[in-house]
Amino acid sequence: MALIYEKKEGIAYIRFNRPEAKNAFDPETVIALAEAWADYRDDPGLRCAILTGTGDQVFCSGADLAKLIPLFTGARKPETEADRTVVKNPKLLQQAILREFDLYKPVIAAINGMAIAGGFEILYGTDIRIAAEGAKFGLQEVKWSILPLMGSTVKLPLQMPYAKAMEILLTGELIDAQEAYRLGFVNRVVPGDQVMAEAERIAKIIVKNGPLAVKAIKQCVLSGIGLPMAQALAKEIEIGFPVFLSEDAREGPRAFKEKREPNYQGK
């Protein structure tokens, strides 16, 4: 199974599961990942997702250079149904890697090892990032005379200082977890055996919060990036004000007053 997708207590667990191939995307992974994100988005019982990889060495090494990339360059003809599906619908890869996919529920990355190429690029679509001490990050596409076209030239300079983003893009050299933390690209660095526990700790906090408010906060942030201030503030009111009129917005203060846990219904 190229991807493991599980649900537990309001959390979606999505795990790359090709350790023999450094958890690289092959066509089956692309299809399964795109489907997992859509299911997470549409399932009202899910309030947070954790994305991680199998093993303790590699989070994800990006697109499989033997099975996936040659399909798009024409160097390999489709052989399986999965091959034919990704060739016929190239947007599946963009959805899988969160390049162009409207997902306003939070995603936590539990980065258990190396995150390079597409495995680095998918992190742009995550909201909170926990890295193992031995994790490394980078985009090595330039070394093979190809471009990191899953959003790197647009999103990376927005998520770390311009000069450092350009160094990563143009040299293809890797940075370690502490450097990623110093640049603000990851939230914290922990020992490898604590990565998932820390991700789950944060996910469980988010799951207890008002789901309408959580979703609206992420939507406000993503919708406002790049807009002039006045337009961004107007967008914030447009997206956020309906939350104040929800049943959950009445339940939250009521629960606080009654000194009990709120019972949010997402309504």
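The values are calculated or read from the model by the stated rules, or taken from the named source; none is laboratory data. A quick note: this is a predicted structure, and the numbers were derived from the prediction, not measured. Neighbour counts run over all protein chains shown; Cβ positions are idealised from the backbone, glycine included.
For region 219-233: of the residues being touching a residue at least 60 places away in the same chain (Cβ under 8 Å) and surrounded by fewer than 17 Cβ atoms within 10 Å (Cβ to Cβ), which is nearest to the chain's Cα centre (by Cα)?
Of everything passing the filter in region 219-233, L222 is nearest to the chain's Cα centre (by Cα).
Residue by residue, here is whether (1) of a type outside the set (F, W, Y); (2) out of contact with any Phe, Trp or Tyr (no Cβ under 7 Å at 6 or more places or on another chain); (3) under 18 Å from I4 (Cα atoms); (4) surrounded by fewer than 19 Cβ atoms within 10 Å (Cβ to Cβ) holds:
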position	(1), (2), (3), (4)
N23	yes, no, yes, no
A36	yes, no, yes, no
G62	yes, no, yes, no
L65	yes, yes, no, yes
L68	yes, no, no, no
E81	yes, yes, no, yes
R99	yes, yes, no, no
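Restricting attention to region 47-63, does a residue exist that is at pLDDT below 75, assigned by TED's automatic domain parsing to the domain that holds K8 and of a type in the set (A, V, I, L, M)?
No: region 47-63 contains no residue that is at pLDDT below 75, assigned by TED's automatic domain parsing to the domain that holds K8 and of a type in the set (A, V, I, L, M).
Residues are listed down the side, and each one gets a yes or a no for (1) outside the structural domain of V195 (by TED's automatic domain parsing); (2) in contact with a helix residue (DSSP H, G or I) (Cβ under 9 Å, 6 or more places away or on another chain); (3) over 23 Å from E81 (Cα atoms); (4) in a helix (DSSP H, G or I):
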site	(1), (2), (3), (4)
E20	no, no, no, yes
T29	no, yes, no, yes
L33	no, yes, no, yes
A36	no, yes, no, yes
R41	no, no, yes, yes
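For region 168-193, name all the residues that are part of a helix (DSSP H, G or I) and surrounded by 14 or more Cβ atoms within 10 Å (Cβ to Cβ).
Correct list: I168, L169, A177, E179, A180, Y181, R182, G192.
List the number of the failed condition for N263; all other conditions in (1) modelled with pLDDT under 95; (2) in a helix (DSSP H, G or I) hold.
The number of the failed condition is (2).
Quick one: K204 ticks every box in (1) exposed (fewer than 15 other Cβ atoms within 10 Å of the Cβ); (2) over 19 Å from G45 (Cβ atoms) except a single one, so which number is it?
Exception for K204: condition (2).
Kindly provide the set of residues from region 128-163 that are charged (D, E, K, R) and either in contact with a Phe, Trp or Tyr (Cβ under 9 Å, 6 or more places away or on another chain) or assigned to a strand (DSSP E or B) (or both), ordered by number.
Listed by number, the residues that qualify are R129, K136, K155.
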